[in-house]
Amino acid sequence: FPSHDNGQHDKYGVAEANFYEPPAKIFLRMTELENQDEEDQSSFRKMIVDAINQGIENKGLEIGRQGLDIRGVYPVIDNTGLIGVFEIGMSFTNVLKLNKKISGFDAGVFVDKDLYQQIATETPKLDKNHYIGNFVNQYSTNKELIHRIIKKEQLDNVTKNKTLF
């Protein structure tokens, strides 16, 4: 994943902190100050679009250019009304590490391969060891163990949840 020079990534797992303007165009990437390309993400960032269109906060899981993250999106309002939204995205890495520390259990996060390849274009190229059937093991505390435990047939049974939100 891209480097994060703000210290929030290593300490808290902050993967992204962005401001968007309608329809879903990034106008400030706080965690990647060198990358201010103003990309319109309305074609794949439903949480951003919904938050802008409805003027409400939105939170949950969503795939972005850097992969699946836990996200919170909040309206930005001035005296004229809604001018955009602010998003903060947290990596699963710290969540899984904390879960392992507290419970002792290893865990992994799997993402639909086609959605991942289509949207997560800023992630490193993954080798075949990251795939189980039609899913990408994006995060895990012990990849080898998770891949021995999880079978393609188990993941095939959850394909009805291709889009989380």
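Remark on A24: its backbone amide H falls under 5 Å from those of Q41, S42, a criterion applied only to residues 5 or more positions apart or on other chains, H modelled at 1.01 Å from N.
When the accessible area of the stretch 72-141 is computed with all protein chains present and a 1.4 Å probe, what percentage of it is carbon and sulfur?
Numbers: 2180 of 3910 Å².
Result for the stretch 72-141: 56 percent of the exposed heavy-atom area is carbon or sulfur.
Between the amide H of N142 and those of A107, distances stay under 5 Å, these residues lying 5 or more places away or on another chain, with hydrogens modeled in the peptide plane. Here's how it looks for E62: its modeled amide H is under 5 Å from those of D69, R71, which are all 5 or more places away or on a different chain. Ordered by solvent-accessible area of protein heavy atoms (1.4 Å probe), largest first, the residues M47, M30, M90 come out as M30, M90, M47. A 1.4 Å probe run over the protein chains yields, for the stretch 42-121, 50 Å² of accessible area per residue, whole-number rounding.
Each semi-axis of the equivalent ellipsoid for the stretch 38-156 is √(5λ) with λ an eigenvalue of the Cα gyration tensor; in descending order they amount to 32, 17, 11 Å. In order along the stretch 104-111, the phi-based Karplus estimate (6.51 cos²θ - 1.76 cosθ + 1.60, θ = phi - 60°) of 3J(HN,Hα) comes to x, 8, 7, 8, x, 10, 10, 10 Hz; Gly and Pro are listed as x.
The values are calculated or read from the model by the stated rules, or taken from the named source; none is laboratory data. Please read these numbers as outputs of a predicted model, since none were measured by experiment. In case anyone asks, the SASA skips ligands and DNA or RNA and just uses the protein heavy atoms, side chains included. Shrake-Rupley method; radii C 1.70, N 1.55, O 1.52, S 1.80 Å.
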